Structure formats: structure tokens, C-alpha cells
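Here's the structure we're looking at; comments come further down.
The values are calculated or read from the model by the stated rules, or taken from the named source; none is laboratory data. Keep in mind the model is a prediction, meaning the values are calculated, not measured. Cβ placement follows ideal geometry from the backbone for every residue including glycine, while neighbour counts extend to all protein chains displayed. Ligands, DNA and RNA are excluded from the accessible area calculation, which covers all protein heavy atoms including side chains. Shrake-Rupley method; radii C 1.70, N 1.55, O 1.52, S 1.80 Å.
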Amino acid sequence: METVVESEGMHYEGYCIRPPSEAYSILLQVTLGCSHNKCTFCGSYKDKRFTIKDDEIILSDILFASKYMKRQDRVFLMDGDALIIPQKRLMWILDRIREHLPWVRRVGAYANTKGIKMKSLEQLIELRENGLGILYLGVETGDPELRKKINKGSTAQTCIEMGRKIKDAGIKLSVTVLLGIAGREGSLAHARATGELLSAMDPNYVGALTVMLIPGTPLYEEHRKGEFQLPDEKELLEELREMIAHTHLSRGLFFSNHASNYLPVKAKLPKGKQEALDLIDAALKGEVGLRPEWMRAL
Ligand code: SF4
């Protein structure tokens, strides 16, 4: 997740967040915040109450983009979970994008299990046929107890089912998992359970981020009171190794090249798995340099 600066022409409110891969997309803010907003590690939308923005504002932004963003052929729908928008309204937004931004090839959005659950498979297919090409889902962990502890709001099984539903609808699925979220003790169990969840879900892309402690979040408080300890660099690498070792994708990309990570890894699975594991082993032996602390960011 990355922060985007406010612009003059578009009606952006508060901090705007998008996946790194949507850096060059037209950022269209259709909702404010996240309807769940309870994950203990997440400080993304603490400043916002969840709302769906007015149609006029959304249309005005689409019209602004139609004049000034002719070179950007992707749209990313912000904020947290655009799928929560009722089907008719979401279809209307996609229709306006097609009408006014005919050069746009793909629309993407964040999703959570609640929003996916609210859509039937037929509705998701309808959205895909109208331009929705990719959804980004925060999986974080496959560990059932840990999912409860971090208030993820769904079980591992529901998460798998919702991910598969996206894929069944023909929409690309990109998920994130969180290194370090289990603390020191649960690290390897979290890695294995997450690998197993990913194998059952079989997403197109997996991005591994390292958890960052954000002031104001419950996780930050736990850490301050000494109840949560972040794994060190070596332990995080071991966690990443264990996770990749337990992840079996039919065809997907597993990467940990986000700025929050110590070691950038990009593995095409299943073929590139051994190479990725060898790279991590080399890093564990000190044969490969790690990203220094000051260069790590959200
Ligand atoms: S669902 Fe995503 S955006 Fe919402 S609180 Fe959890 S991590 Fe944050």
C-alpha cells in the first residue's frame, strides 16, 4: 500500500492508498475508507468513516480524467473496498469509465471477504465483462487463531472461497500476506498455514509485505506494552522461506520486493521456487546483502 498526494482536479479526500502496481493508474476515489477498518495492524483509514462517494463527484472525476489523463490506460478504484458498492451503482461507475475513458484497458480495486461475499458469481462476471480486471485482497495469514487475533473478520476457509470466487469469475487475483504478523513465536506456524492457504486459493500474484508498526493501531500498543515482538531480520527471512516452501501455485508470481522487506524476491511459481529458496538461503548465510533499515518503508 502506498500513499498518493492530493491533486487539484480530482476530489481526493484524506490519505489515498493504492497497490504499488497501480502507480501509473488513474486513481478514482469512489469510497472513503474501509467498511471493516478493524484489523489490528492497519492504520490505513483511521482518519475516515466509511462512505460511498456521491455519483456527481465520481462522474466529475471521471470527466476530469477524460480531459487530462489520456495516457493512463488503467483505473484503480479507491479506497478500501469498492466491491461493497451495490451492484447497480458499481456497474454505473464502470459504464461511465467505458463511456468517458474508452482507452482504459483495466479497472482494479481492493476487495475484502465481506465485499466479495456480497456479490454473486454472476455479478462478479458482469463486473469483469464491464472492465473490472483485477482485485487486490489482503490475506495476511492463513493461521486460524492469528486471523482472529488480528481481527481479520473472516476465517481462512472463507478467505480461500472468496479468493477462488474472484478467479472463477475470470478476474485476476492479487493477494498480500504479512511477514512478521505472528510475532516471534508464531512465525513459522503462520508461514506454513499461509503457504497452505495460498496453495488452496491459487491466486495469480502474491505480494509478501513486512508488517510495520503504525502508531495508533492496536498492534502498536501491544508492541509498546511488550506483548508483541517483531521477528528480527533473520527470523523474517526464515518465515519467508517457510512460506514459499509451503506455497504451491499452479501458475503465479510470488514477490517480496515491497519497500517494507529486507530481501527482494521475485519467483515465478512453480518453476522458480527452488531459485527463490536458494536466494533466501544465501541471504541467511550472509552471502547476499539485505535492504538497510533506513531504506525500508510502507
Ligand atoms: S480490511 Fe484491509 S483496509 Fe480494512 S482494516 Fe483490514 S487491512 Fe485495513
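So, counting K/R as plus one and D/E as minus one, what does the shell of residues with Cβ under 15 Å around I166 add up to?
Summing Lys/Arg as +1 and Asp/Glu as -1 gives +2.
Segment 125-170: percent of C-alpha pairs farther apart than 18 Å?
Working: 393 of 1035 pairs.
Pairs farther apart than 18 Å: 38 percent.
Any idea what the alpha-carbon Rg over 2.2 N^0.38 Å comes to for the chain?
In units of the globular-protein estimate, the chain measures up at 0.99.
If you build the convex hull over the alpha carbons only and average its shadow over all orientations, what do you get for segment 61-105? Give it in nm² to one decimal.
Details: hull surface 12.6 nm².
Orientation-averaged projected area of the Cα hull: 3.2 nm².
Quick one: compute the contact order of segment 1-127, relative version, from alpha carbon pairs under 8 angstrom and 6+ residues apart, as a percent.
26
For segment 57-140, compute the orientation-averaged projected area of the C-alpha convex hull (one quarter of its surface), in nm².
Values: hull surface 21.8 nm².
Convex hull of Cα atoms, orientation-averaged projection: 5.5 nm².
Given segment 1-131, what whole percent of its Cα pairs are spread farther than 17 Å?
So the portion of pairs separated by more than 17 Å is 56 percent.
So, in nm, how far is label K271 from label D73 when the simple model puts each one 7 Å beyond its Cα toward the Cβ?
Those two pseudo-labels are separated by 2.5 nm.
Could you order peptides 218-228, 81-91, 115-125 by the average number of other Cβ atoms within 10 Å of their residues, highest first?
Ranked by mean Cβ neighbours within 10 Å, highest first: 81-91, 115-125, 218-228.
For segment 279-288, what does the Karplus curve 6.51 cos²θ - 1.76 cosθ + 1.60, with θ = phi - 60°, yield as ³J(HN,Hα) per residue in whole Hz, taken in order and with x for Gly and Pro?
For segment 279-288, the Karplus-derived couplings read 5, 5, 4, 5, 5, 5, 7, x, 8, 10 Hz, x marking Gly and Pro.
Any cysteines in the chain with zero other Cys Cβ atoms under 4.7 Å from their Cβ? List them, or say none.
C16, C34, C159
Report D for segment 199-241 in µm² per second (integer): Stokes-Einstein, Kirkwood Rh on Cα pairs, 20 °C, 1.002 mPa s.
171
What pairs from K114/K165; K46/K88; K149/K225; K48/K167 go past 23 Å between their alpha carbons?
Values: K114/K165 13 Å; K46/K88 28 Å; K149/K225 16 Å; K48/K167 30 Å.
Going by Cα-Cα distance, K46/K88; K48/K167 fall outside the 23 Å limit.
For the chain, calculate the relative contact order in percent as a whole number, restricting contacts to Cα pairs under 8 Å that are 6 or more residues apart.
Value for the chain: 14 percent.
Could you tell me what % of all Cα pairs in segment 74-193 have separations over 22 Å?
Value for segment 74-193: 37 percent of Cα pairs lie more than 22 Å apart.
Under 17 Å Cα to Cα from K268, which aspartates and glutamates show up? Leave out anything in the same chain fewer than 8 places away.
Filter leaves D202, E242, D278.
Ignoring any ligand, DNA or RNA, what whole percent of the accessible area of segment 2-88 comes from carbon and sulfur when the probe is 1.4 angstrom? Write down the numbers at each step before the final one.
Working: 2240 of 4260 Å².
Summing carbon and sulfur atoms, their accessible area is 53 percent of the total for segment 2-88.
Explain nothing, just the number: dipole magnitude of segment 125-201 about its Cα centre with +1 on each Lys and Arg Cβ and -1 on each Asp and Glu Cβ, in debye rounded to the nearest 20.
The calculated dipole for segment 125-201 is roughly 100 debye.
List the lysines whose Cα sits under 16 Å from the Cα of K234, skipping any in the same chain fewer than 8 residues away.
K285
What does the charge dipole of segment 64-169 about its Cα centre add up to, to the nearest 20 debye, if the Cβ of each Lys and Arg holds +1 and the Cβ of each Asp and Glu holds -1? Numbers along the way, then the final one.
Details: 21 positive and 13 negative charges, 51 e Å.
Result for segment 64-169 is approximately 240 debye, rounded to the nearest 20.
Given a Förster distance of 35 angstrom, what is the FRET efficiency for R184 paired with L253, based on the Cβ-Cβ distance and rounded to 0.05?
Result of the calculation: an efficiency of 0.75.
Provide the per residue accessible area, probe 1.4 Å, for the chain, rounded to a whole number of square angstrom. Can you show the working numbers first?
Values: 13980 Å² over 298 residues.
Per-residue value: 47 Å².
Over the residues of segment 217-288, compute the C-alpha Rg and express it relative to 2.2 N^0.38 Å.
Values: Rg = 14.3 Å, N = 72, 2.2 N^0.38 = 11.2 Å.
Compared with the compact-globule rule of thumb, segment 217-288 sits at 1.28.
Of P86, I125, V30, which is farthest on the positive side of the dipole of segment 16-164, counting Cα position, with +1 on Lys and Arg Cβ, -1 on Asp and Glu Cβ, and the Cα centre as origin?
It is V30, whose Cα lies furthest towards the positive end.
In nm, give the distance between the simple-model label positions of W92 and T155, each being 7 Å from the Cα along the Cα-to-Cβ direction.
Computed distance between label sites W92 and T155 equals 3.7 nm.
Rounded to the nearest 20 Debye, what is the dipole magnitude of the chain about its Cα centre when Lys and Arg each give +1 and Asp and Glu each give -1 at the C-beta?
640
Quick one: compute the contact order of segment 136-252, relative version, from alpha carbon pairs under 8 angstrom and 6+ residues apart, as a percent.
32
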